[in-house]
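Each reported figure results from applying straightforward, stated rules to the coordinates on display, with no laboratory input. On a predicted model such as this, the values are computed, not experimentally measured, just so you know. In this analysis, Cβ positions are derived from the backbone assuming ideal geometry, glycine residues included, and neighbour counts consider all displayed protein chains.
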């Protein structure tokens with residue numbers, strides 16, 4: 001058994017694996033990632049209801065489609081400005097649920 005372990009150690013990479021880096025990132029950012037994923041799900045549901053594409057939302061928000069894709073993956077730390085734009089365009093409440101802005 002010791003011989004097998006030694007052979008494995010010879011092939012071990014000196015760098016952390018990407019998987020390990022991703023796991024560390026998720027653990028360190030667990031709180032805001034949970035919120036980001038919840039927002040992504042709200043957005044996806046509303047976009048589906050409106051039959052809106054990522055490209056259309058990006059155009060209305062004046063951002064790239066790639067940025068919208070990042071948001072919808074639930075791993076983007078969103079600014080208040082971005083959250084407000086999402087609320088206005090998709091007509092959803094994220095920051096203050098059930099609050100009448102008018």
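State the number of residues belonging to the stretch 57-66 that are within 17 Å of residue 94 (Cβ to Cβ) and surrounded by fewer than 16 Cβ atoms within 10 Å (Cβ to Cβ).
Step one: list which residues in the stretch 57-66 are within 17 Å of residue 94 (Cβ to Cβ), which gives 57, 60-61, 63.
Now restrict to residues that are surrounded by fewer than 16 Cβ atoms within 10 Å (Cβ to Cβ): 60, 63.
Residues meeting the conditions: 2.
What are the pairs with Cβ atoms under 7 angstrom where one residue, in the stretch 62-86, is farther than 15 Å from residue 33 by Cα and the other, located anywhere, is assigned to a loop (DSSP other than H, G, I, E, B)? Sequence gap at least six, or different chains.
Within 7 Å, the pairs are 86/94.
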